[in-house]
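Notes to accompany the following structure.
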Amino acid sequence: MKQLAFILSLFITCTAGERTTLPTPKDFSNYWYQGKAEVSSYKLEQARYGEMRKGNTVLIFVTEDYSKEKHIKINTPTNNGDNDLVKILKLNMDKKFNTGFYPYSLMQSTFTPVDLDTYPNSMRVTATVQEWCGHTFSMLDRKKDKYEYTLHSYFDGEGDQQHTLGEALLEDEIWTLIRIDYKKLPIGGIKVIPSLLAQRLSHRPLQAENATASMTEEGNNLIYRLKYKNFDRVLSIRFEKEFPHKILGWEETYMSGFGANAKKMTTKATLNKTLITDYWSKNSNSDSYLRKELGLE
């Protein structure tokens, strides 16, 4: 019996070794709850107005305590109580590129609960776009079984808007779901609410769209692909199969430009450098070397 138990233990060990893509709670905690953020820079090739632009993107992933009631970060958890606190993984995506004479600055924040079994939906996504013509703000805020959508825009025909959207996968939460548990990502025909930044650049009315999602393996990496049915847009995100499933890059194919100048182009982002750091404390002039280290200067 002892010999049989030993043989079985070897089999179980080998089998577990083949499933290294599943992190233990300790692995997850050691990486995401060390009091620091994962900051990654990407070389950006951005399609805009029918031409390619060079720029950079930074993804900042960090865990925070979040208020279920107010949908804001909790600075002092003891003041809110355990019933109001939820652990979230926040992604701040920052994009910068120039269109000829004037610059674009885009930022998006996604707040996704770490406990997906209890809280399967992201609680909030916000996005801002600034360029010399003006700026816009948009938000998806989770309320019960729907999202409240808010838009404040300087564009004629858009202005201030507010309406509700039914339950669907948020394109913007794909990034955080990859980092928490990519196996929770849906495959096949699904309903998706497109990215807020993609919606701002296309000026397409925001609504749940029909799409097809797939996952393919490429060496040690996985690629999650989202193809919309009636929205001419395809998103492919490449990430490491092994924990912590670092995002290596992505591609977005869509119609760039308006009217007769519109043509299908592909925006690409390629990983440059990653730092694990408490960036919020690096606010001295002496810390500026970190921008060079990240490849931003």
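One table, with the values for the structure above:
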item: Extension gain from Tyr154 to Ala262, taking 0.36 nm per residue of separation minus the Cα-Cα distance; result: 36.6 nm
item: Per-residue ³J(HN,Hα) for segment 153-162, Karplus 6.51 cos²θ - 1.76 cosθ + 1.60, θ = phi - 60°, Hz, x for Gly and Pro; result: 9, 8, 6, 4, x, 10, x, 9, 9, 7
item: Selection of chymotrypsin sites (Phe, Trp or Tyr not before Pro), segment 214-285, meeting DSSP coil and at most 15 other Cβ within 10 Å; result: Phe258
item: Positive-end extreme of charge dipole, segment 24-293 - chosen from Gln199, Ile60, Gly259 (charges on Cβ); result: Gly259
item: Dipole moment magnitude, nearest 20 debye, the chain about Cα centre, only Lys, Arg, Asp, Glu C-beta charged; result: 540
item: Distance histogram in 10 Å bins (all Cα pairs of the chain, percent per bin); result: 6, 24, 34, 23, 8, 3, 1, 0
item: 5 angstrom amide H check on Ala47, placed H, neighbours 5+ away; result: Arg53, Thr267, Lys268
item: Residue-wise HN-Hα coupling along segment 184-198, computed from phi with Karplus coefficients 6.51, -1.76, 1.60 (Hz; x: Gly, Pro); result: 7, 5, x, 10, x, x, 9, 9, 9, 8, x, 4, 5, 5, 5
item: Extension reserve of the Gln34-Arg225 stretch, reckoned as 0.36 nm per residue once the Cα distance is removed; result: 65.7 nm
item: Shape box of segment 191-261 [Cα atoms, principal axes, largest first, Å]; result: 42, 26, 17
item: Contour excess over end-to-end distance, with Cα ends at Gln161 and Asn283 and 0.36 nm allotted per residue; result: 40.3 nm
item: Interchain or long-range residues, amide H under 5 Å from Phe243's placed H; result: none
item: Residue-wise HN-Hα coupling along segment 118-126, computed from phi with Karplus coefficients 6.51, -1.76, 1.60 (Hz; x: Gly, Pro); result: 8, 10, x, 10, 4, 8, 7, 9, 10
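We did not get these values from a lab; they are worked out from the coordinates using the rules stated. What you see is a predicted model, and the numbers here were worked out from it, not measured in a lab. Note: ideal-geometry Cβ built from the backbone for every residue, glycine included; neighbour counts use all protein chains shown.
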